[in-house]
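Here is the structure we will look at, set down as structure tokens.
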Amino acid sequence: MKTAFVTGASSGIGRATAVALAEDGFRLVLAGRRRERLEELATELVGTPTHLLTFDVRDRAAVEAAVSSLPTEFQDVDVLINNAGNAHGLAPIQEGNPQDWDDMLDGNVKGLLYVSRAVLPAMMRRNVGHIVNIGSIAGHEAYANGNVYCASKAAVASLTKGMRLDLLPHNIRVAEVNPGAVETEFSEVRFKGDAARAAKVYDGFEPLKAEDVADVIRFMVTRPPHVNVAEVLLLPAAQGAATTIRRT
Ligand code: NDP
Ligand code: 8X3
């Protein structure tokens, strides 16, 4: 049985990915800050061995402690899904909230680095591994007021390429999925709990569901060992670019 480690498993894309990988027979390490959400998910995954880790990816010591606390049967991580992350705010740079900037750069970029650095020794030891970073269309084009979020995801795109090169000699595949609009808690977090504003983001078109992204991730991590689906841009059919959407 292979082991997958999913960050941000308490919601949205991470949660759906955990469900998909459980269906494919993976043993799962489920990480997030909201313990009760992880417990509820583990209860749903009847028959799948799960281990829950509650930590904030921005806290390097907490990441290291959590990964070193893994029980033996969960230590040989085959697949790491670096999914934890969010946007915080949507404002012109001159009006941006520096706390939001910290949250995005520390979570989306440094958090991904901390988790990868902590999990990699187990992959290196076995000379096998597969890392999927969740980037975004926002990492490949900037949009108005998206400034720091777009930059954080551009960093994920660049890091994915760098990690792929560095880990090549160690037989560790590194890949990136770049979704467009996916209806999750993402916009509620971005707009700090303003559900009406969040709902407007998905008005008049059919966005992706978390399960659509999970399907692609499942496909990527179940390819034969000689195949690396290195980059995927996954859009709703109604989306042409980050802010170009056909709405009714
Ligand atoms: P959700 O808000 O539904 O899920 C975000 C997940 O990340 C939660 O499980 C949350 O868990 C976790 N998370 C966030 N910050 C931290 C942190 N500091 N420490 C630990 N865990 C954290 O949004 P999505 O599922 O949509 O987002 C998942 C990823 O997909 C993100 O990286 C996002 O940028 C990316 N993405 C989303 C798109 C969209 O349109 N929805 C499009 C493109 C990319 P908890 O709060 O319990 O810690
Ligand atoms: C999430 C998609 O376009 O709202 O990364 O930034 S977008």
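The values are calculated or read from the model by the stated rules, or taken from the named source; none is laboratory data. None of these values were measured; they are calculated from a predicted model. Methodologically, a virtual Cβ is constructed for each residue, glycine included, from the backbone with ideal geometry; neighbour enumeration extends over all protein chains shown.
Results, tabulated for the structure shown:
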quantity	calculated
Within the stretch 65-74, tally of residues that are touching a residue at least 60 places away in the same chain (Cβ under 8 Å) and within 11 Å of ligand 1 (Cβ to nearest atom)	0
Residue in the stretch 137-170 that is surrounded by the most Cβ atoms within 10 Å (Cβ to Cβ), counting only those that are of a type in the set (Lys, Arg) and over 14 Å from the mean Cα position of the chain (by Cα)	164
Residue identified as under 14 Å from residue 242 (Cβ atoms), out of contact with any Ser or Thr (no Cβ under 7 Å at 6 or more places or on another chain) and not charged (D, E, K, R) among 199, 195, 154	154
Some residue of the stretch 150-162 being within 11 Å of ligand 2 (Cβ to nearest atom), at negative phi, at pLDDT 95 or above and touching a Pro at 6+ places or on another chain (Cβ under 6 Å)	no
Out of 74, 26, sole residue that is buried (at least 23 other Cβ atoms within 10 Å of the Cβ), in contact with a Ser or Thr (Cβ under 8 Å, 6 or more places away or on another chain), farther than 22 Å from residue 153 by Cβ and modelled with pLDDT of 95 or more	26
Flag for residue 79 being surrounded by 16 or more Cβ atoms within 10 Å (Cβ to Cβ), more than 15 Å from ligand 1 (Cβ to nearest atom) and within 16 Å of the chain's Cα centre (by Cα)	yes
Top-ranked residue in the stretch 1-45 [being among the polar types (S, T, N, Q) and under 22 Å from residue 109 (Cβ atoms); ranked as farthest from ligand 2 (Cβ to nearest atom)]	10
Filter result for residue 125 (at pLDDT 95 or above and more than 13 Å from ligand 2 (Cβ to nearest atom))	yes
Those residues of the stretch 171-197 which are within 12 Å of ligand 1 (Cβ to nearest atom), crowded, with 19+ Cβ neighbours inside 10 Å and over 20 Å from residue 101 (Cβ atoms), in sequence order	176, 177, 178, 179, 180, 181, 182, 184
Residue match in the stretch 87-95 (condition: in contact with a Leu (Cβ under 8 Å, 6 or more places away or on another chain) and not basic (Lys, Arg))	no
Test: residue in the stretch 195-204 that is under 19 Å from the mean Cα position of the chain (by Cα) and not aromatic (Phe, Trp, Tyr)	no
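Listed here are the residues, each with its yes/no results for (1) under 19 Å from residue 131 (Cα atoms); (2) in contact (Cβ under 8 Å) with a residue 40 or more places away in the chain.
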| residue | (1), (2) |
| --- | --- |
| 45 | no, no |
| 63 | yes, yes |
| 76 | yes, yes |
| 91 | no, yes |
| 98 | no, no |
| 103 | no, yes |
